[in-house]
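Notes follow the structure.
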Amino acid sequence: MTFSVAYDFIQGSSPLLVSMPHSGLQLTPTVADTLTSEALALPDTDWYIPQLYDFLEAMGVGVIKANYSRYVIDLNRPEDNKPLYAGKTIGLFPHILFNEKSMFKPGTVIDTDHQQACIEYIWRPYHQQLATALARIKQKFGYAILFDAHSIRAQVPMFFEGTLPDFNLGTHDGKACAAKLLQAAQHAISDINYTQVSNGRFKGGYITRSYGQPSHHVHAFQLELSQATYMQDTPDYALDDKKCAQVKPQLKALIEALVSCDLTPQ
């Protein structure tokens with residue numbers, strides 16, 4: 001079984017590292033052969049996240065971006081696949097779409113050997129690089145900040161009722177980062193046309209919860225951005241250039257606020 005490179009990594013020069021675990025589009029042949037036609041369209045992807053944040057490298061911000069789809073393996077879940085949330089959720093190896101339909105053709109199943117290989121060649125390399133990059137940043141600055149970049153449709157009844165706010169910040173209820181960092185993020189989202197909430201339905205997944213250790217000077221939080229802020233309301237997952245041009249400056253202001261937040265240990 002052969003795997004291609006699990007992630008792309010750009011080393012930065014700032015205290016901030018941005019992780020993009022759900023923007024990958026690549027499938028293994030084994031997974032591709034078992035998916036329904038609906039699942040093959042990868043509807044639950046964090047669409048266009050690399051494009052939305054294409055200003056990061058010029059700002060000196062490091063980036064790690066997954067190449068494989070979350071339908072192969074979900075990098076924002078623990079290796080042991082223990083549930084992160086009460087209620088409905090998606091595990092390390094998803095089997096249903098966000099609309100609660102099966103991902104797989106009738107009678108098909110992914111064997112455990114393939115799953116173990118995905119852990120070894122996709123999950124572990126991504127997390128090893130993430131941990132190495134954070135350790136390097138911490139050594140240089142005395143602290144490190146991890147920003148886990150996500151997006152999701154504005155309405156997903158499986159997970160939440162009604163319509164999601166535009167900017168959903170998660171810090172594991174304050175356990176994953178210093179309070180001043182979250183406050184800086186909240187204040188940076190200044191455009192009155194966008195709504196925001198902190199630690200609402202999305203409090204941060206495995207990456208935020210496991211790497212965010214303020215007592216050890218590593219701070220992490222997740223942004224779950226509503227796709228209504230940058231995508232067309234069509235079934236083909238199309239980018240809306242006008243919306244994208246409006247939300248990008250707000251995202252850039254958010255990143256600038258994080259980079260500027262001095263968390264040097266006293």
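The values are calculated or read from the model by the stated rules, or taken from the named source; none is laboratory data. The model shown is predicted, which means the values in this text are computed figures rather than measured ones. FYI the Cβ positions are ideal-geometry reconstructions off the backbone, even for glycines, and counts take in every protein chain you see.
Structure above, values below:
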item	result
Extreme residue, farthest from residue 133 (Cα to Cα), among residues of the range 161-218 that are touching a Cys at 6+ places or on another chain (Cβ under 6 Å) and among the small types (Gly, Ala, Ser)	184
Scan of the range 126-145 for residues that are closer than 16 Å to residue 215 by Cβ, crowded, with 16+ Cβ neighbours inside 10 Å and not β-branched (Val, Ile, Thr), ordered by number	134, 138, 143, 144
For residue 170: the one exception among (1) farther than 19 Å from residue 23 by Cβ; (2) within 16 Å of the chain's Cα centre (by Cα); (3) of a type in the set (Gly, Ala, Ser)	(1)
Residue in the range 140-155 that is part of a loop (DSSP other than H, G, I, E, B), free of Cβ contacts under 8 Å to residues at least 24 places away in the same chain, more than 15 Å from the chain's Cα centre (by Cα) and over 28 Å from residue 55 (Cβ atoms) present	yes
Pair list, Cβ under 7 Å, 6 or more apart: the range 61-80 residue touching a residue at least 24 places away in the same chain (Cβ under 8 Å), other residue in a loop (DSSP other than H, G, I, E, B) and among the aromatic types (Phe, Trp, Tyr)	73/93
Top-ranked residue in the range 200-219 [being under 22 Å from residue 251 (Cα atoms) and part of a loop (DSSP other than H, G, I, E, B); ranked as modelled with the highest pLDDT]	212
Residues that are modelled with pLDDT under 95 and of a type in the set (Val, Ile, Thr), drawn from the range 1-53	2
Residue tally, condition out of contact with any Phe, Trp or Tyr (no Cβ under 8 Å at 6 or more places or on another chain) and modelled with pLDDT of 95 or more, over the range 173-199	13
Matching residues, the range 226-266, being crowded, with 17+ Cβ neighbours inside 10 Å and either of a type in the set (Phe, Trp, Tyr) or without any contact (Cβ under 8 Å) to a residue 24 or more places away in the chain (or both)	230, 240
Residue within the range 192-215 that is touching a Lys or Arg at 6+ places or on another chain (Cβ under 9 Å), surrounded by 15 or more Cβ atoms within 10 Å (Cβ to Cβ) and more than 18 Å from residue 78 (Cα to Cα) present	yes
Matching helices (runs of 4 or more DSSP H) fully within the range 1-112 where at least 2 residues are farther than 22 Å from residue 132 by Cα and touching a strand residue (DSSP E or B) at 6+ places or on another chain (Cβ under 8 Å)	49-52
Hey, residue 35 among the aliphatic types (A, V, I, L, M) and surrounded by 14 or more Cβ atoms within 10 Å (Cβ to Cβ) or not	yes
